[in-house]
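Report on the following structure.
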Amino acid sequence: MLALWANANRKRSNDPLATYSLKPRVDKFRRVVVVIDGCDDGDLDVTINSILNQNVQVSEIATKREKTTCDLPHCEAVLNRYNDPYKKGIIQSTFERELEADTVVVFVKRGFRFESPSSLQQLLNAWTPGSPIETDSVSVMTANQCH
């Protein structure tokens, strides 16, 4: 019986969703929204797994990509899809949805993989109201910083 329990726990611990909900949220922000965008040759699955493997939990993972571009078994459980009907661009469209001043949005290029489980936490800790974080693959900002 113990062997069955141990085997079931091992299978659950390999599933990123089984452990994701146990991770702490970032106290600094009411909501942390990660938006995945970028060129069509990027791998959406790699980026989603990288986010799920971070040591903090985000409020939402979103993209404007079609449903057929994600092959992960848990993809539909974690990914929200939005469109841009007025062609304002992903940044403006996101901030029109995320109206709360204490929501931070992390824009990630499709195919990007965080270097370590603490990479997202480090970026969020480095963010300040006076200076958004902007790298080649990741930007962290609030609606007030979107120009």
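The values are calculated or read from the model by the stated rules, or taken from the named source; none is laboratory data. Nothing here was measured: the structure is a model prediction, and the numbers come from that model. Here Cβ is always computed from backbone atoms with ideal geometry, including for glycine, and neighbour counts include all displayed protein chains.
Observations, loosely collected:
- Selection count where residues are basic (Lys, Arg) and either out of contact with any helix residue (DSSP H, G or I) (no Cβ under 7 Å at 6 or more places or on another chain) or modelled with pLDDT of 90 or more (or both), scope the range 48-80: 1
- Residue pairs meeting the criteria (Cβ under 6 Å; at least 6 apart or on separate chains; first within 17 Å of residue 92 (Cα to Cα), in the range 36-65; second surrounded by fewer than 19 Cβ atoms within 10 Å (Cβ to Cβ) and modelled with pLDDT of 90 or more): 38/109
- Taking every residue in the range 112-124 that is within 15 Å of residue 137 (Cβ to Cβ) and pairing it with any residue that is assigned to a loop (DSSP other than H, G, I, E, B) and of a type in the set (Val, Ile, Thr), at least 6 positions away or on another chain, the pairs with Cβ-Cβ distances below 8 Å are 120/56; 120/58.
Table: residues versus (1) in a helix (DSSP H, G or I); (2) at negative phi; (3) out of contact with any helix residue (DSSP H, G or I) (no Cβ under 8 Å at 6 or more places or on another chain); (4) surrounded by fewer than 19 Cβ atoms within 10 Å (Cβ to Cβ).
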position	(1), (2), (3), (4)
104	no, yes, no, no
108	no, yes, no, no
113	no, yes, no, yes
117	no, yes, yes, yes
121	yes, yes, yes, yes
136	no, yes, yes, yes
144	yes, yes, yes, yes
